[in-house]
Amino acid sequence: MVFYDFCNYGLALNNLQKALSAAKKLYPLIFYYIRICEHIVSTPLTIEDISYEKYSEKYNKYPKWIRWIYPKPKNLMRCKWCGRYTDYIYPNVPTYGFMKGENSCTFCGRMYPMPSWLWDSPDGRAYSYFRGSFNGEEFYWEFEKDYDPKPKR
């Protein structure tokens, strides 16, 4: 889902809700995406976030021939955990299990802050859960609440 991967949470939420109303059986596959989108859409922007959005909008309205005068806005995206604008980090940047701050939000510090249709899928979350990819307990607590995984014996 392009809108989700590019942090356009409002459009992604709208499309996911339309898909869910058309096919209720999709719920187990898309409830997590909907939850993230609803959380981010309902998270109020800070003054810094609002000024970033305004500057980006203003910059994008300038004709291309005049953009060279103004500094290009940083490539920031909203963190799927806290909703703040943070530096964009490609979701597949590895941490190798020990570089815990390498792929983390600048504000909340949680790992893998960028949305990813692949990694936020049930399979991607299960892979991350059983691999122990995240630091902290929030991800694991949430996964266990959603899926109630049973350990193999």
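Throughout, read-outs are computed from the coordinates displayed, never taken from laboratory work. Just so we're clear, the structure is a prediction, and the values are computed from it rather than from any experiment. Every residue, glycine as well, gets a Cβ built from its backbone with ideal geometry; the counts of neighbours run over all protein chains shown.
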Practice problem: Using the 4.7 Å Cβ rule, please list in number order the cysteines from the chain without any candidate partner. | Solution: CYS7, CYS37
Exercise. Count the net charge of all other residues whose Cβ sits under 11 Å from the Cβ of ILE40, scoring Lys and Arg as +1 and Asp and Glu as -1.
Key: +3
Practice problem: Calculate for the chain the 222 nm mean residue ellipticity that helices alone would give, adding -39,500 (n - 2.57) per DSSP H run of length 4 or more and normalising by residue count, nearest 500 deg cm²/dmol. | Solution: -14000 deg cm²/dmol
Self-check item: Net +/- balance of residues flanking PHE139 in space, Cβ distance below 9 Å, scoring K and R +1, D and E -1
Solution: -1
Quiz item: Can you give the angle from 0 to 90° between the axis of helix 47-61 and the longest principal axis of the chain, with both taken from C-alpha atoms, to the nearest 10?
Solution: 60 degrees
Practice problem: If a/c stays under 1.5 just call it rounded; otherwise compare a/b with b/c (prolate if a/b is bigger, oblate if not). Do that for the stretch 10-62, with a ≥ b ≥ c from the square roots of the Cα gyration tensor eigenvalues. | Solution: prolate
Self-check item: Cleavage-rule hits, trypsin sites (Lys or Arg not before Pro), the stretch 23-67, DSSP coil, Cβ neighbours within 10 Å at most 14
Solution: LYS64
Self-check item: Shape metrics for the chain, restricted to C-alpha atoms - Rg then Dmax, Å
Solution: 17.4, 65
Quiz item: By how many degrees, 0 to 90 and rounded to 10, does the Cα axis of helix 27-42 deviate from the longest principal axis of the chain?
Solution: 40 degrees
Exercise. Name the longest site-free stretch of the chain, where the excluded sites are GluC sites (Glu not before Pro) in a DSSP loop with no more than 16 other beta-carbon atoms within 10 Å.
Key: 1-101
Quiz item: Going by how many other beta carbons lie within 10 Å of each one, how would you line up ILE66, ILE40, ILE34, fewest first?
Solution: ILE66, ILE34, ILE40
Quiz item: If you average the sequence gap of Cα pairs under 8 Å that are 6 or more apart and divide by the length of the chain, what percent do you get for the contact order?
Solution: 20 percent
Quiz item: Which chymotrypsin sites (Phe, Trp or Tyr not before Pro) from the stretch 1-99 combine a DSSP loop assignment with at most 15 other Cβ atoms within 10 Å?
Solution: PHE6, TRP65, TYR88, TYR96, PHE98
Exercise. List LEU76, LEU16 from most exposed to least, where exposure is judged by having the fewest other Cβ atoms within 10 Å.
Key: LEU76, LEU16
Quiz item: For the chain, what is the charge dipole size about the Cα centre, in debye to the nearest 20, if Lys and Arg each add +1 at the Cβ and Asp and Glu each add -1 at the Cβ?
Solution: 360 debye
Quiz item: Between the helical axis of 138-147 and the dominant principal axis of the chain, each derived from Cα atoms, what acute angle in degrees is found, rounded to the nearest 10?
Solution: 50 degrees
